[in-house]
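Right, one structure below, let's go through it.
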Amino acid sequence: MNNSDLIRIAQEYGSPVYVYDAEKITSQYKRLTDAFSGVPKLRLNYAAKALSNISILKLMNSLGSGLDTVSVQEVQLGLRAGFKPEDIIFTPNGVSLEELEQVAAMGVQINIDNLSILEQFGSKHPDIPVCIRINPHVMAGGNTNISVGHIDSKFGISIHQIPHLLRIVENTGMHINGIHMHTGSDILDIEVFLYASEILFENARNFKDLEFIDFGSGFKVPYKPDDIATDVAELGAKLTARFNEFCAETGKDLTLAFEPGKFLVSEAGYFITKVNVVKQTTSTVFAQVDSGFNHLIRPMFYNSYHHIYNLTNPGGKERFYSVVGYICETDTFANNRRIAAISEGDLLCFKNAGAYCFSMASNYNSRYRPAEVLWLNGQAHLIRKRETFDDLLHNQVEVSLEVPEQETPAT
Ligand SMILES: *Cc1c(COP(=O)(O)O)cnc(C)c1O
């Protein structure tokens, strides 16, 4: 998929539009399975929340991936996409006992991240095996918004509560078949990741029914042109050796699981917008596009960087721009960015638009959510239509404001 393909897609389906490259998703999946090819039993569960379009889920299923879900609705989407219940893991946090029971009844592996629900679930359903989410309290990565393994994080059961957890398991007679951690979203230091893994191995020895160890995700992908990414080949080699050694030493035939979201889809995505206005102020040149944080919230929400380039004038002389949206409040995609000279009507392309972009889009300002297109085998396939006015009103109920006629009271 090249720039002229992207331009043609924007011409055909309008702007703004999300485009995903199936080939990139496939090659990322392969990179990860190759890195862990030395593990006899490997399971990759794609984290659906990163990009949950049903066609993307079907693509993941066709690659042999499992599915990591965080809501009963994601489980239902996964089943609709063709995943078997046993290929799905449910890794929510803070959901009700009822939702866990509903998902477990579908035959999906559940993962519990707090002792209160663990005890309630174990007491009622001691025969349904459960995975537990452990918080190893290891800080991974620098972004505290997406770092979820630290001591004050709401995620997981603290390693300091393992004795209490073991008492619950013994008292209820429940079976722990998996142990899981998800430390955050920015693993740069492989040694830190391996250190957290050791904590998991240590605790894994406590569970005689163990079938898998799930190392979560947090694979860093490059966002800026000079960004460093997680070296998955190095991580694969080191963790594979350690994992196989652990299995041999404990005599267990375990599955090694991961649940990557961003790693599989981030770089596969492109978000194309059109420049409505170029506005020169005393200090800055603004390029104002036909979109906003309603469609791509990551820069405003997490202060994340998305590389932006001029699709229709790539060779133009570079100037500094602030790229902003049309939402009626501060709505900045990028500040002081060097971009090839922008004219009104140019198409700007945002990179890394596969993960947590469309899936976090809203109708704020009563705008339609964009179309999504999958580039597959050299062809564009529309996988979600742009919304219409009817979508905005769907589910709204118009109340009648007519004053009902008063009946004359009987005398
Ligand atoms: C969101 C999430 C993931 C995926 O994280 P990425 O950074 O997108 O790879 C994995 N596991 C759990 C439990 C999650 O909530």
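Determine, yes or no, whether Phe258 is assigned by TED's automatic domain parsing to the domain that holds Lys220 and at pLDDT 95 or above. So Phe258 passes the test.
Let's see how each residue does on (1) open to solvent by 10 Å² or more (accessible area, probe 1.4 Å); (2) of a type outside the set (A, V, I, L, M, F, W, C); (3) outside the structural domain of Ile168 (by TED's automatic domain parsing):
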position	(1), (2), (3)
Pro92	no, yes, no
Ser96	yes, yes, no
Leu100	no, no, no
Ile110	no, no, no
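Apart from one condition, Leu42 fits all of (1) crowded, with 20+ Cβ neighbours inside 10 Å; (2) farther than 13 Å from Ser266 by Cβ; (3) of a type in the set (A, V, I, L, M); the exception is (1). For first residues located in the range 80-99 and at positive phi, partners that are within 13 Å of the ligand (Cβ to nearest atom) and lie 6+ apart or on another chain with Cβ distances below 9 Å form the pairs Gly94/Asp113; Gly94/Lys154. Here Leu348, Leu264, Leu256 are screened, and the one residue that is under 19 Å from Gly218 (Cα atoms), part of a strand (DSSP E or B) and among the aliphatic types (A, V, I, L, M) is Leu256. Restricted to strands (runs of 3 or more DSSP E) entirely inside the range 268-342, those with at least 3 residues that are over 15 Å from Tyr223 (Cβ atoms) and open to solvent by 20 Å² or more (accessible area, probe 1.4 Å) are 269-280, 318-324, 332-340.
Just one of Ser37, Ser27 is under 25 Å from Arg80 (Cα atoms), more than 16 Å from the ligand (Cβ to nearest atom) and open to solvent by 50 Å² or more (accessible area, probe 1.4 Å); which is it? Matching residue, one of Ser37, Ser27: Ser27. Is it true that some residue in the range 198-205 is within 23 Å of Ile89 (Cα to Cα), open to solvent by 10 Å² or more (accessible area, probe 1.4 Å) and within 16 Å of the ligand (Cβ to nearest atom)? So far as the range 198-205 goes, no, none of its residues is within 23 Å of Ile89 (Cα to Cα), open to solvent by 10 Å² or more (accessible area, probe 1.4 Å) and within 16 Å of the ligand (Cβ to nearest atom). For the range 235-267, a residue qualifies if it is open to solvent by less than 10 Å² (accessible area, probe 1.4 Å) and either more than 13 Å from the ligand (Cβ to nearest atom) or within 16 Å of Glu202 (Cα to Cα) (or both), and the qualifying residues are Leu235, Gly236, Leu239, Phe243, Phe246, Leu254, Leu256. Selection over the range 378-400 of residues that are without any contact (Cβ under 8 Å) to a residue 60 or more places away in the chain and either open to solvent by less than 100 Å² (accessible area, probe 1.4 Å) or part of a loop (DSSP other than H, G, I, E, B) (or both) gives a count of 14.
Would a scan of the range 13-24 turn up a residue that is modelled with pLDDT of 95 or more, open to solvent by less than 30 Å² (accessible area, probe 1.4 Å) and under 19 Å from Gly178 (Cα atoms)? No, the range 13-24 has no match at all.
Scanning the range 343-377 for residues that are of a type in the set (Phe, Trp, Tyr) and crowded, with 24+ Cβ neighbours inside 10 Å gives Phe350, Tyr356, Phe358. Kindly indicate whether Asn114 is in the same structural domain as Ala204 (by TED's automatic domain parsing), modelled with pLDDT of 95 or more and not hydrophobic (A, V, I, L, M, F, W, C). When the stated conditions are applied, Asn114 passes them.
When Ser55, Ser65, Ser71 are checked against the criterion of being modelled with pLDDT of 95 or more, open to solvent by less than 50 Å² (accessible area, probe 1.4 Å) and in contact with a His (Cβ under 9 Å, 6 or more places away or on another chain), Ser55 stands alone in meeting it.
Filter the range 100-121 down to the residues that are assigned to a helix (DSSP H, G or I) and either on the phi > 0 side of the Ramachandran plot or of a type in the set (A, V, I, L, M, F, W, C) (or both) and list them by number. Of everything in the range 100-121, those that are assigned to a helix (DSSP H, G or I) and either on the phi > 0 side of the Ramachandran plot or of a type in the set (A, V, I, L, M, F, W, C) (or both) turn out to be Leu100, Val103, Ala104, Ala105, Leu115, Ile117, Leu118, Phe121.
The values are calculated or read from the model by the stated rules, or taken from the named source; none is laboratory data. What you are looking at is a predicted structure, and each value in this text was computed from that prediction instead of being measured. Cβ coordinates were reconstructed from backbone atoms using ideal geometry, including for glycine residues, and neighbour counts include every protein chain displayed. Just the protein is used for accessible areas: all its heavy atoms, side chains included, with ligands, DNA and RNA removed. Shrake-Rupley method; radii C 1.70, N 1.55, O 1.52, S 1.80 Å.
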